[in-house]
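Written out below as structure tokens is the structure these notes cover.
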Protein chains: 2
Amino acid sequence: MRFSYQRETIRDIVCSTNAHPNAGQVFNLAKKLIPKISLGTVYRNLKQLEENGDLRSIYDGNIARYDRNTEPHNHLKCKKCGALVDVNVHDNDIRSDMKKKFQFTVDDIEMTIIGTCQKHTK
Amino acid sequence: MRFSYQRETIRDIVCSTNAHPNAGQVFNLAKKLIPKISLGTVYRNLKQLEENGDLRSIYDGNIARYDRNTEPHNHLKCKKCGALVDVNVHDNDIRSDMKKKFQFTVDDIEMTIIGTCQKHTK
DNA sequence: ACCTCAAATAGTAATAGTTCTTATTATTAT
DNA sequence: ATAATAATAAGAACTATTACTATTTGAGGT
């Protein structure tokens, strides 16, 4: 993959936040640095960076958001503020359980824990 | 909510399968019974049935699929055949853990366990 | 520094899934 | 049976994403 200033900028934007931005948000931030950047470039590069293992995508409803954390992990989603926060849930039991009960070989567990974060609990 | 033959047909279609069909698939099945039914009617009614608690929706990537099972449960997704199968994972530990560690009140855990089902394991 | 050439880009058209609009039809209370 | 209004069919519109294409750019060789 050849160097491109656009791709590096896109990578830096995603990697400098834990907000899990979507393509549109990355595009808006990128425009401040590269006014002529196009939305297609953002989509193409986010996909390439994901295929390359530099980023990972997560679906929030029907839209893709990008995560700088490529290690296996899960998310807490607050339905009051929409925030998505990385969290690690111990899932070895789940993996072995699925194997034993259903002969199902687990590759990945996509888990989003939905609820209300401490900011909105009084 | 007033009675409609279209809505009852849509409900019956989703409730008669465990295949978790999407809107397009429900539409195609509904057309066999009501040739003039429109796609908008399918979308509108699926949404209403979900709001009513008769069905629930799950996202498979970025598309919505409908599930007759409205009880809390999770899914196994085989990446070979795309099949989505209901499964119950014990998650009381997760709920109490999130509360204790992050003061996060859990409403629901959306969990899709991705891997290979026994049909494709030799 | 200049040339070459494939890879990447900007701009725009196209697509997929879904929601909205509107004139017409169907259900239900009276 | 009639009136009031919720639901429909048909198609336009919208949102997120991907594809197309002429032009530009990065990197290696000269």
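If you average the sequence gap of Cα pairs under 8 Å that are 6 or more apart and divide by the length of the range A:74-120, what percent do you get for the contact order?
So the answer I get is 50 percent.
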Exercise. Taking 0.36 nm per intervening residue step and subtracting the Cα-Cα distance, what contour gain separates B:Ser4 from B:Ser16 on full extension?
Worked result: 2.5 nm
Exercise. Which part of the range A:83-122 falls in the paramagnetic zone of B:Gln103, meaning amide N under 19 Å from the point 7 Å along Cα-to-beta-carbon?
Worked result: A:83-87, A:114-122
Exercise. Treating the beta-carbon of each Lys and Arg as +1 and of each Asp and Glu as -1, no other charges, what is the dipole magnitude of chain A about its Cα centre, to the nearest 20 debye?
Worked result: 540
For this session: Round to the nearest 10 and report in Å² the accessible area of B:Phe27, as given by a 1.4 Å probe over the protein chains' heavy atoms.
Result: 40
Exercise. Taking θ as phi - 60°, what are the ³J(HN,Hα) couplings along the range A:72-88 by the Karplus curve (6.51, -1.76, 1.60), each to the nearest whole Hz, with x for Gly and Pro?
Worked result: x, 6, 10, 9, 9, 10, 7, 7, 7, 10, x, 4, 10, 10, 5, 8, 10
Exercise. Hey, for A:Arg95 with labels 7 Å out along Cα-Cβ, what do the inter-copy distances come to in nm, ordered shortest first?
Worked result: 2.6
Exercise. Separation between the B:Asn69 and A:Asn52 pseudo-spin-labels, each 7 Å from Cα along Cα→Cβ, expressed in nm?
Worked result: 4.0
Exercise. Can you give the three extents of the C-alpha atoms in the range A:5-67 along their principal axes, from longest to shortest, in whole Å?
Worked result: 29, 22, 21
Seminar exercise, completed: Note to self: with every protein chain in place and a 1.4 Å probe, the protein assembly as shown gives an accessible area per residue in Å² of 59
Seminar exercise, completed: Taking a straight Cα-to-Cα line shorter than 17 Å from B:Lys32, and setting aside same-chain aspartates and glutamates fewer than 8 residues away, one finds B:Glu8, B:Asp12
Exercise. Can you list the aspartates and glutamates whose alpha carbon sits under 15 Å from that of A:Lys36, skipping same-chain ones fewer than 8 residues off?
Worked result: none
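Kindly compute the accessible surface that chains A and B hide from a 1.4 Å probe when together, both sides summed, and give it to the nearest 100 Å². It would help to have the intermediate numbers written out before the result.
On the way: alone 8470 and 8470 Å², together 14330 Å².
Using a 1.4 Å probe on protein heavy atoms, the buried area is about 2600 Å².
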For this session: Could you tell me the accessible area of B:Met98 in Å² (1.4 Å probe, neighbours in place), rounded to the nearest ten?
Result: 0
Exercise. How long is the range A:74-120 along each principal axis, judged by its Cα atoms, biggest number first, in Å?
Worked result: 41, 14, 13
Problem set entry | Reach of B:Lys79 by Cα under 16 Å, taken over lysines that are not fewer than 8 positions away in the same chain | A:Lys99, B:Lys119, B:Lys122
Seminar exercise, completed: Phi-derived 3J(HN,Hα) across the range B:5-11 with the Karplus relation (6.51, -1.76, 1.60, θ = phi - 60°), rounded Hz, x for Gly and Pro, is 5, 4, 5, 5, 5, 5, 4
Seminar exercise, completed: Counting only DSSP beta bridges fully inside chain B, the antiparallel percentage to nearest 5 is 70
Seminar exercise, completed: Taking only protein heavy atoms and a 1.4 Å probe, the highest-to-lowest accessible-area order of B:Tyr66, A:Tyr59 is A:Tyr59, B:Tyr66
Exercise. What angle, in degrees between 0 and 90 and rounded to the nearest 10, separates the Cα long axis of helix A:23-33 from the longest principal axis of the Cα atoms of chain A?
Worked result: 30
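For the protein assembly as shown, which whole-number percentage of the solvent-accessible area (1.4 Å probe, protein heavy atoms only) is attributable to carbon and sulfur atoms?
49
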Problem set entry | Relative contact order computed over the range A:5-67 (Cα-Cα under 8 Å; 6+ residues apart), in percent | 39
Exercise. Using a label point 7 angstrom from Cα along Cα-to-C-beta, what distances in nm, from shortest up, separate A:Ser38 from the other copies?
Worked result: 3.5
Exercise. Which whole-number percentage describes the relative contact order of chain A, with Cα contacts under 8 Å and a sequence gap of 6 or more?
Worked result: 21
Exercise. If you place +1 on the Cβ of every Lys and Arg, -1 on the Cβ of every Asp and Glu, and leave all else neutral, what size is the dipole of the protein assembly as shown about its Cα centre, to the nearest 20 Debye?
Worked result: 740
Seminar exercise, completed: Computed over chain B: longest principal axis from alpha-carbon atoms vs helix B:39-51 long axis, angle to nearest 10 degrees, is 40
Seminar exercise, completed: Residue-ordered couplings for the range B:95-109, obtained by feeding phi - 60° into the Karplus form 6.51 cos²θ - 1.76 cosθ + 1.60 and rounding to whole Hz (Gly and Pro as x), are 4, 6, 5, 5, 5, 5, 6, 10, 6, 9, 8, 8, 9, 7, 10
Exercise. Can you give the accessible area of B:Ser16, probe radius 1.4 Å, in Å² rounded to 10?
Worked result: 90
Seminar exercise, completed: Scoring only Lys, Arg, Asp and Glu (+1, +1, -1, -1) among other residues with Cβ under 14 Å from the Cβ of B:Ile37 yields +4
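The values are calculated or read from the model by the stated rules, or taken from the named source; none is laboratory data. Everything quoted here is computed from the prediction, not taken from an experiment. Backbone-built Cβ (ideal geometry, glycine too); neighbour counts: all protein chains shown. Just so you know, the surface numbers come from the protein's heavy atoms only, side chains and all, with ligands and any DNA or RNA stripped out. Shrake-Rupley method; radii C 1.70, N 1.55, O 1.52, S 1.80 Å.
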